[in-house]
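Following: one structure in structure tokens, then a few remarks.
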Amino acid sequence: MQNSQIILGIDPGTLVMGYGVICVNASKIELLEMDVVKLSAKKDNYERLSIIHRQVQALIGKYRPHQFAIEAPFFGKNVQSMLKLGRAQGVAIAVAMQSNIPVTEYSPRKIKQSITGNGNADKNQVWEMLQRIANINDTPKYFDASDALAVAICHHFQLSSPFKKKSSPVKKTKKISWEQFVHHNPGRVSGKEEVVKQKVDFNFWLVQDCCRVVV
């Protein structure tokens, strides 16, 4: 289990929050837990956010995930729904960041594309593929749970993708002035370029002079 990686996937919601925890060892995906957190509509928004905070914190404490993946809000919803959903997502992300766990966000379309190969797949199609991928026989009571599992597995696929490129460090280049460039490259500067440079210098001086007048 030393080389295994645990990923926590979250499907944020204001009434139901889905979560899925997987353990990946080489190419084998093991489902550790998949369920939902029900948030009563009778409670106010801030109390529900507090519950989300405690539940995500408890999951992190229990499984010690190495990665945290979450589904991004769907922009087709109305403004009020987007605001509430964004808050729920933000609280879950904040808990992961507080625990120094890398956070990655995926759009619903990206998740469906990663799991089924079709960005427009419905929830049943996604679940059928998840059953094959993770060798699951049970059927979840809520699709919010399977959506969260899809987020976690999607993240695993992105991490293990052979097309993922490592970012190379950017080399810092030493800045030189125009005068230094002209001095070291006399043959590369034409008279026309020098005139343009003089015009730019004059315009820059003019702007500075105007600024002094305004001040």
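The values are calculated or read from the model by the stated rules, or taken from the named source; none is laboratory data. Given the structure is predicted, the values throughout are model-derived calculations rather than measurements. As a convention, Cβ positions derive from the backbone with ideal geometry for all residues, glycine included, and neighbour counts pool all protein chains shown.
One residue alone among VAL56, VAL95, VAL21, VAL37 is among the hydrophobic types (A, V, I, L, M, F, W, C) and more than 20 Å from the chain's Cα centre (by Cα), and that residue is VAL37. TYR106 meets the stated requirement of being aromatic (Phe, Trp, Tyr), touching a helix residue (DSSP H, G or I) at 6+ places or on another chain (Cβ under 6 Å) and touching a residue at least 12 places away in the same chain (Cβ under 8 Å). Restricting the range 99-116 to residues that are in a strand (DSSP E or B) and of a type outside the set (Ser, Thr, Tyr) leaves a set whose member that is farthest from PRO73 (Cα to Cα) is VAL103. For the range 17-28, the set of residues classified as at pLDDT below 95 and either over 21 Å from ILE136 (Cα atoms) or among the hydrophobic types (A, V, I, L, M, F, W, C) (or both) consists of ALA26 only. Of (1) farther than 14 Å from MET17 by Cβ; (2) in contact with a helix residue (DSSP H, G or I) (Cβ under 7 Å, 6 or more places away or on another chain), GLN98 satisfies all except one. Which? Every listed condition holds for GLN98 apart from (2). Residues of the range 14-45 being of a type in the set (A, V, I, L, M, F, W, C) and out of contact with any Lys or Arg (no Cβ under 8 Å at 6 or more places or on another chain), which ones? Within the range 14-45, MET17, VAL21, ILE22, CYS23, VAL24, ALA26, ILE29, LEU31, LEU32, MET34, VAL37, ALA41 qualify.
I'd like to know if the range 20-30 contains one or more residues that are more than 24 Å from MET129 (Cβ to Cβ), in contact (Cβ under 8 Å) with a residue 24 or more places away in the chain and either surrounded by fewer than 17 Cβ atoms within 10 Å (Cβ to Cβ) or of a type in the set (Val, Ile, Thr) (or both). Checked the range 20-30: no residue is more than 24 Å from MET129 (Cβ to Cβ), in contact (Cβ under 8 Å) with a residue 24 or more places away in the chain and either surrounded by fewer than 17 Cβ atoms within 10 Å (Cβ to Cβ) or of a type in the set (Val, Ile, Thr) (or both).
So that you can scan it fast, the table gives a plain yes or no per residue for (1) in a loop (DSSP other than H, G, I, E, B); (2) out of contact with any Leu (no Cβ under 7 Å at 6 or more places or on another chain); (3) under 17 Å from VAL151 (Cα atoms):
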position: THR14; (1), (2), (3): yes, no, no
position: VAL21; (1), (2), (3): no, no, yes
position: GLU30; (1), (2), (3): no, yes, yes
position: LYS42; (1), (2), (3): yes, yes, no
position: SER50; (1), (2), (3): no, yes, no
position: ALA58; (1), (2), (3): no, yes, no
position: ILE70; (1), (2), (3): no, yes, yes
position: GLN80; (1), (2), (3): no, yes, no
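Across the range 61-80, the number of residues qualifying as at pLDDT below 95 and closer than 21 Å to ILE111 by Cα comes to 6. Of all residues in the range 89-116, those that are surrounded by fewer than 16 Cβ atoms within 10 Å (Cβ to Cβ) and over 23 Å from ARG64 (Cα atoms) total 2. Filtered by the rule that a residue be among the β-branched types (Val, Ile, Thr), assigned to a loop (DSSP other than H, G, I, E, B) and surrounded by 13 or more Cβ atoms within 10 Å (Cβ to Cβ), the range 117-152 gives a lone residue, ILE136.
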